Amino acid sequence: MLSFRFAWPFSFRVGVISAPLLLLSQPALAHDQPGIAGGLLSGIMHPLTGPDHMIAMVAVGIWGAQLGAPAIWILPITFPIVMAIGGVLGILQVPLPFQEPVIALSALVLGAAVATRLKMPFGFAALIVAIFAIFHGYAHGVELPHAANPLAYGIGFVVATGLLHLCGISIGLLLRWPIGDRLIRGMGTVIALLGCYFLARSIGGIA
Amino acid sequence: MTVAVSRRFAGAATALAALLAITSPAQAHLIGTRLGDFYSGALHPTTDINDVVLWLALGALAGSLGAQRGRWLVILFPLGLAIGFFLTATFGLSIGGNATDAALIGTLGLLLAAGLRLPAPLLGLAGLSLAVMRGMANASGLEAVTNVPLFAAGLVCAGYATITLVMALVIAFRRAEVGRATAWRGIALRALGGWIAAIGLMMIGFTLAGPGSA
């Protein structure tokens, strides 16, 4: 019996499927505009869109992993609380000098600590991180009152900061392998160099 | 593909396209069945992020303390919601506000972060008080046309389901590492407490002294 194969052209099949899908489409109403503090999404994006914040937070996590217990578990618990104190200072518009240079300095110092695998008493390390946490929190807190939904904005940046720490701690797990140690030190060097760049830019050394 | 099969495919695709093309937004008008206000009550807490954070924080705290200490909340939390709702809907009473909510968020977060072993009666009392306040807050936006018993039933059911599920999830999460050398799950829960405490602390500052106090 004579039989032959017939296939509809591919473009026809794509057209048949995609046409109704396009008919169903609705306008996207995304109200989170760049530069405007809205709510949860703006809060999440705030630490992620500031590279100086981002690398410093990841460096905090990595350094905590390098220092080991108790730093590795006290850090993610207490850092957000100390950062919130800085956030409150920012909300209250309390003048805090040298915010941007200190944030850049935090990336430089923490990156250098990671690169050199700096060991120091836990209390001293906690003090250094706490001072930087206040400055980072301040920068977020200044934006909070202008947000459409301050609570959602606050939740967003606290969660994003915590996830950046988690990212750093996860990277720190590479310490189990010798090559991982070298890789982490290399990352610390890159973070410190970026910190240098941001520091120079914040004090006007680079346009 | 034979001609018969390809024709069948084309027919099915055309029918599907026609069906999809005539779809319109789903509008679940349950008013006729009087279930509309039940769902309004159940979903109302999701419209206030204070409710979302406070309910989750309380569930996480109770779950972190274990089933033995937290189980009373399964009854007390929905009961508190019902009492608070009734007091506001009937007598117009209202307790709390943004500052109280922020303080509660901060306190629950600190308790979770510190890993304090709260006794069961204190946890129950805290859960009941919080539920009464949130019940009042949820009743404050009632409209004249709202069916109050259905709305309240929805709210209470949502409270029961949320607190029970969150507690159960946290208990199951903790139980998975019993007897193991590494206890990262407990640390993760305490870190979550740190996040919640930070949010509460900032909102206290915002509502009491920042622009939010105006």
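Just so it is clear, none of the values below were taken in a lab; they were calculated from the coordinates. Values in this document were obtained by computation on a predicted structure and should not be read as measured data. Neighbour counts are summed over all protein chains in view; Cβ atoms, including those assigned to glycine, are modelled from backbone coordinates with ideal geometry.
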- Considering region A:73-152, what Rg and Dmax in Å follow from its alpha-carbon atoms? 13.8, 43
- Query: If contacts are Cα pairs under 8 angstrom and at least 6 residues apart, what is the relative contact order of chain B in percent?
  - Reply: 35 percent
- Calculated Rg and Dmax of region B:41-213 using C-alpha coordinates, Å: 16.3, 58
- With +1 on the Cβ of every Lys and Arg and -1 on the Cβ of every Asp and Glu, the dipole magnitude of the protein assembly as shown about its Cα centre, in debye rounded to the nearest 20, is 1500 debye
- Message: Can you sort A:Met120, A:Met54 from fewest to most other Cβ atoms within 10 Å of each residue's own Cβ?
- Response: A:Met120, A:Met54
- Item | Relative contact order %, chain A, counting alpha carbon pairs below 8 Å whose residues are six or more apart | 36 percent
- How would you rank A:Leu151, A:Leu96, B:Leu165, A:Leu40, going from fewest to most other Cβ atoms within 10 Å of each one's own Cβ? B:Leu165, A:Leu96, A:Leu40, A:Leu151
- Task: Would you mind pulling out the separation of the Cα centroids of region B:89-128 and region A:124-179, in Å?
- Result: 26 Å
- Note on the structure: Of the DSSP H helices in chain B, the ones reaching 15 Å or more along their long axis in Cα terms and averaging at least 1.6 in Kyte-Doolittle hydropathy are B:73-91, B:148-175
- Query: When the label point is put 7 Å from the Cα of B:Ala120 along its Cα-to-beta-carbon vector, which residues of region B:55-79 have a backbone N closer than 12 Å?
  - Reply: B:66-74
- Message: Bin width 5 Å, origin at 0, all Cα-Cα pairs of region A:40-202: what percent of pairs per bin?
- Response: 2, 10, 19, 23, 21, 14, 7, 3, 1, 0
- Mean residue ellipticity (222 nm) of chain A, computed from DSSP H runs ≥ 4 via -39,500 (n - 2.57), nearest 500: -24500 deg cm²/dmol
- Query: Taking a spot 7 Å from the Cα of A:Ala130 along the direction of its beta carbon, which residues of region A:57-79 have an amide N less than 13 Å from it?
  - Reply: A:75, A:78-79
- ³J(HN,Hα) across region A:180-192 via Karplus (A = 6.51, B = -1.76, C = 1.60, θ = phi - 60°), whole Hz, x for Gly/Pro? x, 4, 5, 4, 5, 4, x, 5, x, 5, 4, 4, 5
- How far, in nm, would the chain grow between A:Ser11 and A:Val94 when pulled straight, counting 0.36 nm per residue and subtracting the alpha carbon separation? 23.6 nm
- Item | Spin-label model distance (nm) - B:Ala161 vs B:Thr47, 7 Å beyond Cα toward Cβ | 1.8 nm
- Query: So for the protein assembly as shown, taking the charge dipole from beta-carbon charges (+1 Lys/Arg, -1 Asp/Glu), which of A:Val129, A:Ile74, A:Pro178 sits furthest toward the positive end?
  - Reply: A:Pro178
- Residues A:Val114, A:Val88 arranged by fewest to most Cβ contacts within 10 Å: A:Val88, A:Val114
- Message: Averaged across B:47-55, how many Cβ atoms of other chains sit within 10 Å of each residue's Cβ atom?
- Response: 2
- Of the options A:Gly64, A:Met45, A:Met83, report the single residue whose Cα projects farthest towards the positive end of the charge dipole of region A:40-202 (beta-carbon charges: Lys, Arg +1; Asp, Glu -1). A:Gly64
- Message: Suppose we look only past 31 Å in the calculated P(r) of the protein assembly as shown. What percent of the Cα-Cα pairs does that tail hold?
- Response: 53 percent
- Message: Give the average, rounded to an integer, of partner chain Cβ atoms located within 10 angstrom of each Cβ in A:143-154.
- Response: 5
- Task: Go ahead and collect, in residue order, the members of region A:47-66 whose backbone nitrogen is under 17 Å from a label point 7 Å along the Cα-Cβ direction of A:Leu163.
- Result: A:47-51, A:53-59, A:61
